[in-house]
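In what follows, a structure is listed as structure tokens, so that the remarks can point back to it.
The values are calculated or read from the model by the stated rules, or taken from the named source; none is laboratory data. In this text, all values refer to a predicted model and were calculated from it rather than measured experimentally. Don't worry about glycine lacking a Cβ; one is built from the backbone with ideal geometry, like all the others, and counts go over all protein chains shown. These area figures cover heavy atoms from the full protein model, side chains too; ligands, DNA and RNA do not enter into them. Shrake-Rupley method; radii C 1.70, N 1.55, O 1.52, S 1.80 Å.
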Amino acid sequence: AARHGSCGMGIGETVAYALSHADAPRVSDCLSPARLRSTLTALHDWYRDGFAGSSEPVPPVDDCMDAFTAFAERVQVVGDDYLPGLLRTRNVVFEGAQGVLLDEWHGFHPYTTWSTTTFANAETLLSEAGMAPDSALRLGVLRAYATRHGPGPFVTEDPALTADLPDRHNGTGRWQGTFRVGHLDAVALRYALDVTGPVDGLALTHLDVAEARDDLQLCVAYDEMERIPVTAKGDLETQAALTERLLTARPVYKPLGDAVAAVEETLRTPVVLRSYGPDPASKRRTPQPRARTRRTV
């Protein structure tokens, strides 16, 4: 009942354990059987002691050893020199793990993920590889309508759209809850840009859906606010208070019309990639944003 986020895969618990235990298992341990056995045994004992009354079975350390050893045999575990080599020889895409509104610090706490979902991680990796973060092309990705998987604020949620626009990759789950659909939310999108900083261009997907429906709308404001304030990183108390406000906020709508024009006008950012379906042939590129010294995204 007090879950934080959660997709039910133990990701948050893994992060929490790693933050509090210096000997938490790491990917590199998969290459060292002795080290791997030591870290997994410590984890096994911690779980067994902390959840003694749990009915869930605790897997034996030997079974986990087999699984992670097999993992190390099938993937390439690389060192710090791997990324700089890639950047010297080819274009590289850094893909965000979640949407900005689920960010651990700037999302609507506690309905968030346990990781940073802005450009910050990619910028850090570029800096560590000896490249300036501003050498990258910053691309934002959004649908022509809004979605949310699980509980939390969703000002523009529309039960009719949820019923009409299911997503075959996002069903109802025991932990996430339902996949919810609503109208495009300019207030939330502006907030995402305020959190991440400006982007060079946008990729706008599901335009085939927008063209097929004339009932899609654009939320231009909430009844209580026109812009969501950005708080200091780490101020989760303020973020939680913001969440409470958003849970009762009501949208102010206007017709969406041309989705590309509406997004460009609202966010003052060019749409450089349009997607009208799931296959490559359904993608259309538009003139690129300003040239960079490298084409790293």
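Basic side chains Lys and Arg get +1 at the Cβ, acidic Asp and Glu get -1 at the Cβ, and with that the dipole of segment 54-126 about its Cα centre reaches some 400 debye. Here the sum of -39500 (n - 2.57) over DSSP H runs of 4 or more residues, divided by the residues of the chain, equals -10500 deg cm²/dmol at 222 nm, to the nearest 500.
Of all the options GLY140, GLY173, GLY150, the one that moves most in a Gaussian network model of the chain with Cα springs shorter than 10 angstrom is GLY173.
Going by accessible surface with a 1.4 Å probe and the largest first, ILE228, ILE11 read ILE11, ILE228. Pairwise alpha-carbon distances in segment 177-290 exceed 25 Å for 32% of all pairs. To the nearest 10, the accessible area of TRP175 is 100 Å² with a 1.4 Å probe.
What does the charge count near VAL58 come to, summing +1 for each Lys or Arg and -1 for each Asp or Glu among other residues with Cβ under 11 Å from its Cβ? Every neighbour counted, the sum reads -3. Between the residues VAL272, VAL260, LEU236, the greatest Cα displacement towards the positive end of the dipole of segment 207-288, with unit charges on the Cβ of Lys, Arg, Asp and Glu, is found for VAL272.
Within the assembled protein chains, the solvent-accessible surface assigned to HIS4 is about 60 Å², based on a 1.4 Å probe.
Between segment 226-291 and segment 105-170, the C-alpha centres lie 10 angstrom from each other.
Just how large is the dipole of segment 62-194 about the Cα centre, in debye to the nearest 20, putting +1 at every Lys and Arg Cβ and -1 at every Asp and Glu Cβ? Please list the in-between numbers first.
Values: 10 positive and 18 negative charges, 99 e Å.
The calculated dipole for segment 62-194 is roughly 480 debye.
Mean-square fluctuations from a GNM of the chain, with a 10 angstrom spring cutoff on Cα atoms, peak among ALA192, ALA67, ALA146 at ALA67.
Only Cα pairs within less than 10 Å get springs; with that Gaussian network setup on the chain, which residue of VAL93, VAL75, VAL220 has the largest fluctuation? Most flexible of the set in this elastic network: VAL75.
How large is the accessible surface per residue of the chain, computed with a 1.4 Å probe and reported in Å² as a whole number? Could you put the intermediate results ahead of the total?
Values: 17310 Å² over 297 residues.
So the chain comes to 58 Å² accessible per residue, rounded to a whole number.
Along the axis of the charge dipole computed for segment 1-98 (Cβ charges of +1 for Lys and Arg, -1 for Asp and Glu, origin at the Cα centre), the listed residues ALA22, ALA72, ALA97 are led at the positive end by ALA97.
Would you mind telling me the share, in percent, of accessible area of the chain contributed by carbon and sulfur at probe 1.4 angstrom? Let's see the in-between values first.
Numbers: 9330 of 17310 Å².
That fraction is 54 percent.
For segment 176-217, what does the alpha-carbon gyration tensor say about shape, rounded, prolate or oblate, given a ≥ b ≥ c as the root eigenvalues, a/c under 1.5 as rounded, and a/b over b/c as prolate? It comes out oblate by the Cα gyration axes.
Charged neighbours of PRO159, selected by a Cβ distance under 14 Å, balance to -2 (K, R count +1; D, E count -1). Count Lys and Arg as plus one, Asp and Glu as minus one, and take only other residues whose Cβ is under 14 Å from that of VAL260; the net charge is then +1.
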